Amino acid sequence: MLLELIEWIGCATGLCGAALLALNNRYSGWGFVLFLLSNVAWIYFGLLTHATGMVVMQVGFTATSLMGVWRWMILTR
């Protein structure tokens, strides 16, 4: 049950983050925040399921999400 919930949270936040970025408007930076939530969910999911490749990939994506938050939300203020 918990595993399935984590999976769906990772899925939903990732898809919503991508949609926000695709809009390319003043709210698009929030897509990176949603990506960060997705990254955390997928890392947790990967750790629970021993999916090492997924964990490594999501750690890399976390770095790009943090760069996105920095560029879109912090530097533009």
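List of remarks:
- Single residue of the range 40-60 satisfying the filter (in contact (Cβ under 8 Å) with a residue 24 or more places away in the chain and not aliphatic (A, V, I, L, M)) that is surrounded by the fewest Cβ atoms within 10 Å (Cβ to Cβ): 49
- Candidates 3, 66 - the one that is surrounded by 12 or more Cβ atoms within 10 Å (Cβ to Cβ), part of a helix (DSSP H, G or I), hydrophobic (A, V, I, L, M, F, W, C) and touching a helix residue (DSSP H, G or I) at 6+ places or on another chain (Cβ under 8 Å): 66
- Exclusive hit being part of a helix (DSSP H, G or I), over 12 Å from the mean Cα position of the chain (by Cα) and among the basic types (Lys, Arg), set 71, 77, 26: 71
- The lone exception for residue 20 - which of (1) within 8 Å of the chain's Cα centre (by Cα); (2) farther than 26 Å from residue 1 by Cα it fails: (1)
Each value in this text was obtained by applying a stated rule to the coordinates, not by laboratory testing. Please read these numbers as outputs of a predicted model, since none were measured by experiment. No Cβ is skipped: glycine too gets one built from the backbone with ideal geometry, and neighbour counts run over all protein chains shown.
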